[in-house]
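> Pasting a structure here, questions to come.
We did not get these values from a lab; they are worked out from the coordinates using the rules stated. Given the structure is predicted, the values throughout are model-derived calculations rather than measurements. In this analysis, Cβ positions are derived from the backbone assuming ideal geometry, glycine residues included, and neighbour counts consider all displayed protein chains.
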Amino acid sequence: MGNVRDPRAVESAVDGQDAIFWTIGARARESTAHLCSEGAKNVLWAMGTFGVKRLVCESALGVGDSRGSGPFTTFLRIIRRTEILDKEWQENRIRASSIDWVIVRPTILTNGPATGTYRVGTVLSVGWVPHVSRADVADFMLRQLDDVTYLRRTVGITG
């Protein structure tokens, strides 16, 4: 286990990898300040150091240009303002990098089984309580290792 805020821990985790899957998210407000944006800075630095070219990053629907995706995203931006801003800074760091990246923005994550029936899109309209299983998000993210459809793009995902 490592700490994304510790450059040496990140360096150790990235060294020897072919790709990086970023699924870092905060749970408690006290420990969340800049967690994603600082962690992304360290991960991008380590990727550059070791020549790792592909990053698949899980962000959140409601971040950046997905803020108008429906009532859910408006509500989310109000109650999770600090976390959303941190993820926006994270995404900006990733976009400014020279690596091959895909940013995935899921709706509400559930612990349900993989269904294989999820919707994705660079513009994704959702209702009040959209959800998707972590297993379906993982399936989509794994597919991004070889798929170039969403390379250097941001894509929403919901069930």
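> Run the numbers for residue 123 and residue 6: contour at 0.36 nm per residue of separation, minus the present Cα-Cα distance, in nm. Mind showing how you got there, number by number?
On the way: separation 117, 0.36 × 117 = 42.12 nm, distance 3.46 nm.
Difference between extended and current length: 38.7 nm.
> Work out the length of the dipole vector of the chain about its Cα centre, built from +1 on the beta-carbon of each Lys and Arg and -1 on the beta-carbon of each Asp and Glu, and round it to the nearest 20 debye.
My answer is approximately 420 debye.
> Using +1 at the Cβ of each Lys and Arg and -1 at the Cβ of each Asp and Glu in the stretch 7-158, identify which of 144, 17, 34 lies farthest towards the dipole's positive end.
34
> So, one more: How large is ³J(HN,Hα) for each residue in the stretch 118-132, as worked out from phi by the Karplus curve 6.51 cos²θ - 1.76 cosθ + 1.60 (θ = phi - 60°), to whole Hz, x for Gly and Pro?
My calculation for the stretch 118-132 gives 10, 9, 10, x, 6, 10, 9, 8, 10, x, 6, 10, x, 8, 8 Hz in order.
> If you build a Gaussian network model of the chain, linking Cα atoms that sit under 10 Å apart, which residue out of 54, 134, 119 swings the most?
119
> Work out the charge dipole of the chain with +1 on the Cβ of Lys and Arg and -1 on the Cβ of Asp and Glu about the Cα centre, then indicate which of 64, 115, 96 is farthest towards its positive end.
Of the candidates, 64 comes out farthest on the positive side.
> Only bridges whose two residues both fall in the chain count here: according to DSSP, what percent of them are antiparallel, nearest 5?
Expressed as a percentage, antiparallel bridges in the chain total about 15.
> Residue-wise, which Karplus ³J(HN,Hα) couplings in Hz belong to the stretch 5-20, taking 6.51 cos²θ - 1.76 cosθ + 1.60, θ = phi - 60°, and x for glycine or proline?
With the stated coefficients, the stretch 5-20 comes to 7, 9, x, 5, 5, 5, 4, 4, 6, 7, 4, x, 8, 8, 7, 10 Hz.
> Okay, which of the stretch 132-147 sit inside 13 Å, backbone N to the point 7 Å along the Cα-Cβ direction of residue 115?
Under cut-off, by backbone N: 132-137.
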